[in-house]
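Below is one structure, written out as structure tokens, with a few remarks after it.
What follows is calculated from the coordinates using simple rules that are stated; it is not laboratory data. What you are looking at is a predicted structure, and each value in this text was computed from that prediction instead of being measured. Note that we place each Cβ from the backbone using ideal geometry, even for glycine, and neighbour counts take in every protein chain shown.
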């Protein structure tokens, strides 16, 4: 028991995987052991989208206290509509549509940072204000209609390889690349240094403002791509497609081991946290909880876990 406690103390993000396993076991115990494999496959597919936005949010939060992107839900809704309209239900235009979604998200990320830098207002206020503008644009652009993706793109987003979702396998490779970016590159070390102490990083020669600009732009870009992939997976774009990712993107980052004080992040933990949240909702569905009860319970659990995870010392 002592060794287990020491492991979780040294690697607190491992608790997210432990929690995911417990929730999964509770679900299959309730169903008599039926559907456990399908539950995991579905959870991996849905967790993929949380991981993508969670990685972007993780980089932003790592910049230090107060840094967060609250425009992600609006970004996802707008970018999904942009991608689907550009693709125009034509599989030959999928690459162009993905570029358009990424470009839309990238522009939103840059605009967010310009608001923060030019107006000198807290990121939480700047990105929340930007989200209202983005939502208005999305409503005008998409006209509130559900725009369908090309059939081939939708099939790809739902495809499986050896029983595992193709998107999840690709996202695992993306997560590995993001970990290398964070730990092995000048940019990643600059993000960590900025989060640990912005003034000290600036005096040490770290291009702090450039680092922050790139980080917010990257978070926006990932939100844009996530919007296009979500539209393909659910076979339609809509303005509220990203509504559940406001709290979830922050939750998976913090539960996964990212310090809200900045300067500390963890990539594997984002997968554990994403699986935990998805399996939690699956368990509540399995137990027959009503939508209202699911929202209250899942919200309370998320807030509780974030409070515990966020309360860990940052190790500065």
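Projecting label points 7 angstrom from Cα along Cα→Cβ for residue 120 and residue 99 puts them 4.0 nm apart.
If packing is taken as the mean number of other Cβ atoms within 10 Å per residue, what is the order of 77-83, 21-27, highest first?
Answer by packing, highest mean first, reads 77-83, 21-27.
Start at zero, step by 5 Å, and the Cα-Cα distances of region 163-225 spread as 4, 17, 20, 22, 15, 10, 6, 4, 2, 1, 0 percent across the bins.
For the ranges 48-56, 276-284, 205-213, what's the packing order if you count other beta-carbon atoms within 10 Å of each residue, average per peptide, and put the highest first?
The peptides rank, most packed first, as 48-56, 276-284, 205-213.
Give me the Kirkwood hydrodynamic radius of the chain in Å, from all C-alpha pairs, to one decimal place? Please report the intermediate quantities before stating the final value.
Details: mean 1/r = 0.0502 Å⁻¹.
Over the chain, the inverse of the mean reciprocal pair distance is 19.9 Å.
Figure legend: label point modelled 7 angstrom from the Cα of residue 159 along Cα→Cβ; residues of region 196-233 with amide N under 14 Å from it are 233.
Shape class of region 47-177 from the alpha-carbon gyration tensor: oblate, with a/c at 1.5 or above and b/c at least as large as a/b.
Out of every Cα-Cα pair that region 110-257 contains, those further apart than 28 angstrom amount to 33 percent.
Rounded, prolate or oblate: which fits region 199-295, taking a ≥ b ≥ c as square roots of the Cα gyration tensor eigenvalues, rounded meaning a/c under 1.5, else prolate when a/b beats b/c?
On the way: a/c = 3.13, a/b = 1.71, b/c = 1.83.
It comes out oblate by the Cα gyration axes.
Its DSSP H runs of at least 4 residues, each contributing -39,500 (n - 2.57), put the calculated 222 nm mean residue ellipticity of the chain at -25000 deg cm²/dmol, to the nearest 500. Note on residue 92 and residue 21: with the Förster distance fixed at 51 Å, the Cβ-Cβ geometry gives a FRET efficiency of about 0.75. Sorted on the mean count of surrounding Cβ atoms within 10 Å across their residues, most packed first, peptides 117-129, 58-70 read 58-70, 117-129.
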